[in-house]
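Step one of this worksheet: look at the structure below.
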Amino acid sequence: MAYSLEQRFWCQRVLRFGFAFVCVCLGGYIVGPTSLLWRLKDKSRPQVSCLPCVCDCSSHTDDFFLTPGLADNTYSGCGQNDPDLNQELEKDTVALLSEEIALQKIVSKETMDRTSALTMDAKRASSHYQKEAEKCNAGVETCEEAREWAEAQLREELKLTALWEQRARQLGWKDRKRAYT
């Protein structure tokens with residue numbers, strides 16, 4: 001079934017439009033979420049209230065909203081003169097450090113236990129393989145001795161056969177081989 005020229009151009013236009021639509025949708029899918037995320041980040045600035053302290057924090061709040069984060073140390077002087085806050089921070093620091101040390105002790109003990117268990121397993125496996133190697137070596141020695149004994153017996157048998165053959169030839173025996181046809 002042949003299409004007319006007008007129908008063919010119409011189908012090509014629909015295909016081009018569909019392809020363009022798919023491209024725009026893919027571009028929106030790829031670029032859209034990131035730009036939407038940036039817009040939401042810009043609008044959602046955190047509202048931070050100053051902790052109770054002796055210093056005047058209200059002069060620093062304007063600087064806070066102009067700067068992009070808390071890493072600028074604008075509140076470095078806030079709470080320096082408050083002994084209760086300093087004591088609480090020191091307690092928290094000491095507690096955190098002691099907790100960190102306790103965790104490191106636990107981790108090192110678990111590591112040592114696991115290492116000891118692995119070492120014992122390796123020693124057991126090594127001992128087992130050593131015993132198997134000794135058994136194998138003993139078996140090889142036995143086989144070698146048996147081979148040497150069999151070779152010696154074969155040599156003796158060949159000597160006796162040669163002696164009997166020689167005596168038989170002296171008595172007139174001739175080796176007759178039958179030819180089968």
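Every number here is computed from the coordinates shown, using simple stated rules; none is lab data. These figures come from a predicted structure and were not determined experimentally. Please note: Cβ atoms are built from the backbone with ideal geometry, for glycine as well, and neighbour counts cover all protein chains shown.
Couple of notes before you dig in:
- Spin-label model, A125 to E156: label points 7 Å out along the Cα-to-beta-carbon direction sit 4.9 nm apart.
- Taking label positions 7 Å along the Cα-Cβ direction at both V31 and I106, the computed distance is 5.1 nm, reported to one decimal.
- Modelled label positions at A133 and L15, each set 7 Å beyond Cα in the direction of Cβ, lie 7.3 nm from each other.
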